[in-house]
1. When you scan the range B:325-339, do you find a residue that is aromatic (Phe, Trp, Tyr), buried (at least 23 other Cβ atoms within 10 Å of the Cβ), on the phi < 0 side of the Ramachandran plot and assigned to a loop (DSSP other than H, G, I, E, B), even just one?
2. Within the range B:347-391, how many residues turn out to be more than 14 Å from chain A (Cβ to nearest Cβ), touching a Pro at 6+ places or on another chain (Cβ under 7 Å) and not in a helix (DSSP H, G or I)?
3. Which of (1) closer than 19 Å to B:TYR515 by Cα; (2) in contact with a Phe, Trp or Tyr (Cβ under 9 Å, 6 or more places away or on another chain); (3) more than 14 Å from chain A (Cβ to nearest Cβ) is the odd one out, the single condition B:THR394 does not satisfy?
4. Quick check on the range B:113-131. Is at least one of its residues among the polar types (S, T, N, Q), within 14 Å of chain A (Cβ to nearest Cβ) and over 30 Å from B:GLY245 (Cα atoms)?
5. Which one is nearest to A:ASP239 (Cα to Cα) among residues in the range A:100-116 that are touching a Ser or Thr at 6+ places or on another chain (Cβ under 7 Å) and within 11 Å of chain B (Cβ to nearest Cβ)?
6. Looking only at residues that are within 14 Å of chain B (Cβ to nearest Cβ) and crowded, with 19+ Cβ neighbours inside 10 Å in the range A:18-31, which one is farthest from A:TYR65 (Cα to Cα)?
7. Scan (1) surrounded by fewer than 24 Cβ atoms within 10 Å (Cβ to Cβ); (2) more than 14 Å from chain A (Cβ to nearest Cβ); (3) touching a residue at least 60 places away in the same chain (Cβ under 8 Å) for the single condition B:TYR216 breaks and write down its number.
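The values are calculated or read from the model by the stated rules, or taken from the named source; none is laboratory data. Just so we're clear, the structure is a prediction, and the values are computed from it rather than from any experiment. All Cβ positions, glycine included, derive from the backbone under ideal geometry; neighbour counts span all protein chains shown.
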Amino acid sequence: MGRYVIRRLLQMIPVFFGTTLLIFLMVNVMGDPIAGLCGDRQCDPATAAQLRSEFGLDKPVWQQYLTYMGNVFTGDFGTAFNGQKVTELMATAFPITIRLTLVAIFFEIVIGISLGVLTGLKRGRPIDTTVLILTLVVISIPTFVTGLLLQLLLGVKWGIISPSVSSAAPLDELIVPGLVLASVSLAYVARLTRSSIAENTRADYVRTATAKGLPRRRVIVRHLLRNSLIPVITFIGTDVGALMGGAIVTERIFNIHGVGYQLYQGILRQNTQTVVGFVTVLVLVFLAANLIVDLLYAVLDPRIRYA
Amino acid sequence: MRGATHVKWAACAVAVALAATACGGGDSGGGGGGGGADGIVSSSWGDPQNPLEPSNTNEVQGGKVLDMLFRGLKRYDPKTGEAKNMLADKIESSDATNYTITVKDGWTFSNGEKVTAKSFVDAWNYGAALKNNQKNAYFFQYIDGYEKVHPESGSASATTLSGLKTTGDLTFTVKLSQKFSLWPDTLGYAAFSPLPQSFFDDHDGWLSKPVGNGPYTIDSYAKGSSMNLRRWDDYPGDDKAQNGGIDLKVYTDNNTAYTDLTAGNLDLVDDIPASQLTNVQSDLGDRYINTPAGIIQTLAFPFYDKEWDTENGRKVRQGLSMAINRQQITDQIFHQTRTPASDWTSPVLGDEGGFKKGLCGKECEYDADEAKKMISDAGGIPGGQLKISYNADTGSHKEWVDAVCNSINKALDNNRACVGGPVGTFADFRNQVSQQKLTGAWRAGWQMDYPLIQNFLQPLYYTNASSNDGKWSNKEFDDLVDKANAETDKAGAVKTFQDSEQVLVEQMPVIPLWYQNGSAGYSDRVSNVSLNVFSVPVYNEIKVK
């Protein structure tokens with residue numbers, strides 16, 4: 001197990017450098033960001049040159065990348081165009097997005113898995129069909145439609161929630177945005193759990209457990225669910241990274257100043273420092289989540305062993 | 001680990017989330033704070049693009065704050081745009097080159113520091129100096145010695161402008177490098193604001209909580225999310241704030257701000273999203289404002305491309321101008337938030353300031369038959385097809401560019417005569433414009449810096465001027481502009497600028513499309529809301545019920 005973890009950690013290094021380099025090149029391909037800083041007029045050439053050298057944009061790309069990576073390892077993620085340190089932006093954006101992601105994951109686990117178990121055990125019954133249709137509807141409607149619709153109905157028409165989240169983004173204001181963010185994944189979790197449960201209900205060990213005379217509840221939770229959760233855990237694990245990076249639509253609709261918003265601003269303003277900095281952290285989150293998922297396999301199914 | 005693993009996980013997630021809330025809380029949301037003279041107005045905001053310094057702020061969001069925080073020598077009347085003395089006691093000159101400025105006594109910054117002649121001289125020297133990277137440095141270009149502190153290339157050979165001299169506690173003199181009779185009227189622009197000593201002593205500290213001499217002070221500022229401004233009770237000016245303060249709130253999307261306004265969570269939105277223009281009347285009724293702003297939108301052409309810089313090219317541009325049905329586009333696409341343009345300035349200047357409706361004449365009126373004839377007589381559009389470039393990321397430009405092309409195609413009976421050319425980001429678009437990569441037309445726009453006819457003409461069409469992106473050059477036009485700037489009386493200067501506009505009618509270097517309006521909406525909690533000529537809300541006049 002220990003050796004497996006170390007090997008996985010070492011594998012992360014090339015992935016980390018590869019992704020950051022790619023992002024760096026992609027943002028660079030978009031051209032000179034200074035041109036957009038002066039609005040609909042041209043920056044005067046002297047000031048533009050001065051700004052370019054301040055942000056290191058006058059050097060060749062490989063040199064910019066090396067300097068940038070060198071700085072990252074000392075904890076310096078550079079400065080955004082509005083004069084704010086990128087680390088400062090991260091310190092305000094990440095806690096909010098993490099909170100939003102946790103709310104979303106919570107809904108995925110609680111609602112998604114319970115619906116999955118319910119329908120998996122009652123295959124073919126009306127409840128199963130209803131949930132199948134409902135999840136299909138949720139999957140096929142884009143997030144921004146669900147978001148705007150809920151915002152309009154709950155926020156404006158019925159006044160149950162505030163249509164926009166305040167800058168502190170407390171947990172209670174994140175419930176609806178979290179639900180919206182979770183909606184599609186939630187539907188997938190329900191469907192994954194359902195098929196996994198349905199498949200395993202006929203397994204030998206379930207029959208054995210039932211034959212032993214164990215109470216139904218125990219058979220389901222201890223034996224059936226535990227063995228059916230492996231694909232679901234994989235999905236939720238990879239979803240952590242996807243939710244954090246992909247919250248951009250939800251964050252825009254509900255005015256949440258999280259990672260998605262900062263990335264959007266960064267791309268719009270072609271701010272290499274912001275975009276690369278945030279993506280670097282997201283890559284790390286993604287890698288860590290994947291590692292944790294792989295380790296959880298062994299916990300759920302002791303037959304899985306790592307060399 | 002057995003059985004209840006996943007339950008434990010879920011519980012753990014909730015616990016962490018709850019703990020995070022507890023840490024993140026504390027900031028009470030919403031306007032609140034009662035009504036009347038001390039009522040607080042909440043207003044939508046966008047994240048300023050640059051650090052908040054007077055000579056570094058060149059967009060509306062930062063400018064909004066500076067307008068509440070600073071008062072300069074002059075101030076533009078919110079209704080008429082006329083430049084009136086604010087901190088200036090008098091600005092005198094006999095030759096339109098040497099000016100003597102006297103600052104009014106009794107003004108202070110909100111930290112108690114006195115506003116003196118030095119506050120202005122220091123601030124202007126700071127703004128002009130190359131080493132400070134100020135994006136508005138070019139505002140000081142008319143002052144003598146500018147090329148020494150801010151050379152086009154290389155390093156500066158002086159740190160202060162030689163044309164600026166403090167002659168007393170409250171007086172200073174300015175020597176310009178050329179005649180410029182309307183120069184005092186430019187001094188209302190935020191870049192010319194005075195700065196307190198604390199700005200120079202502790203620059204970072206000042207940037208995190210700017211201190212000015214205007215009717216408001218900053219109570220708290222959370223970069224990127226909100227700024228709370230409060231009325232400054234000791235403000236010496238006669239335009240005191242009529243409310244307790246303004247809470248600016250950054251929105252990720254102006255649609256959300258609009259939704260918040262309709263839900264009653266926000267008092268003021270100063271940018272109605274295009275998608276809501278169809279229902280804004282029914283949503284807000286007379287709480288919807290739609291007034292002219294100093295912005296004109298145009299189509300620009302590349303004169304560095306030889307094909308456009310010919311006699312035939314001139315006829316084609318005039319023909320294209322006549323092929324655009326401005327009235328129909330402003331009605332259907334913009335829902336009357338634009339007005340068809342018939343000169344190169346803006347209605348906010350007023351007749352005295354140089355706006356002249358219909359100056360462009362039949363060249364700016366829709367006439368499909370004449371347009372077709374003119375363009376075919378001139379040998380057709382250079383390259384066979386007109387491509388109008390625009391940035392697709394903000395401002396919903398696609399709709400109107402497609403409409404303009406549609407109008408041209410219809411007039412020319414050719415579906416391929418005009419196409420839109422989207423560019424991914426604004427920065428990339430500006431990049432292609434400034435590096436002269438575009439060979440067709442592109443969308444151009446001009447938001448005035450100060451309400452002067454000079455500002456609508458000289459920076460855009462004078463040979464090698466800062467925003468003459470198409471590199472158009474015409475001696476007759478240049479001479480008229482020089483002549484206008486040398487006129488010592490204002491009416492004469494305006495008249496001569498209008499003469500120079502006649503050259504634009506003949507040559508059509510850019511096609512004027514429409515004047516842009518400022519649009520805003522407000523809640524029934526506030527009254528006396530209006531937009532000034534820069535389409536910024538006049539915050540200090542808003543009253544809370």
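1. Here is the first cut: in the range B:325-339, the ones aromatic (Phe, Trp, Tyr) are B:334.
Still in the running and buried (at least 23 other Cβ atoms within 10 Å of the Cβ): none.
Checking the range B:325-339: not a single residue is aromatic (Phe, Trp, Tyr), buried (at least 23 other Cβ atoms within 10 Å of the Cβ), on the phi < 0 side of the Ramachandran plot and assigned to a loop (DSSP other than H, G, I, E, B).
2. If we filter the range B:347-391 for residues that are more than 14 Å from chain A (Cβ to nearest Cβ), which is where we start, we get B:347-388.
Now drop any that are not touching a Pro at 6+ places or on another chain (Cβ under 7 Å), which leaves B:347-349, B:353, B:355, B:360, B:364.
Then drop every residue that is not not in a helix (DSSP H, G or I), which leaves B:355, B:360.
Matching residues across the range B:347-391 total 2.
3. Every listed condition holds for B:THR394 apart from (3).
4. Going residue by residue through the range B:113-131, those that are among the polar types (S, T, N, Q) are B:116, B:119, B:125.
Filter again for within 14 Å of chain A (Cβ to nearest Cβ), leaving none.
For the range B:113-131, residues among the polar types (S, T, N, Q), within 14 Å of chain A (Cβ to nearest Cβ) and over 30 Å from B:GLY245 (Cα atoms): absent.
5. Per the stated criteria, the residue is A:GLU108.
6. Within the range A:18-31, the first condition is being within 14 Å of chain B (Cβ to nearest Cβ), and the residues that meet it are A:26-31.
Subset that is crowded, with 19+ Cβ neighbours inside 10 Å: A:27, A:31.
On the way: A:VAL27: 12, A:GLY31: 16 Å.
Checking each candidate, the answer is A:GLY31.
7. Among (1) surrounded by fewer than 24 Cβ atoms within 10 Å (Cβ to Cβ); (2) more than 14 Å from chain A (Cβ to nearest Cβ); (3) touching a residue at least 60 places away in the same chain (Cβ under 8 Å), the lone unmet condition for B:TYR216 is (1).
Here is a yes/no grid of residues against (1) among the polar types (S, T, N, Q); (2) surrounded by fewer than 22 Cβ atoms within 10 Å (Cβ to Cβ):
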position	(1), (2)
B:GLY36	no, yes
B:LEU52	no, no
B:SER55	yes, no
B:LEU73	no, no
B:PRO78	no, yes
B:MET86	no, yes
B:THR116	yes, yes
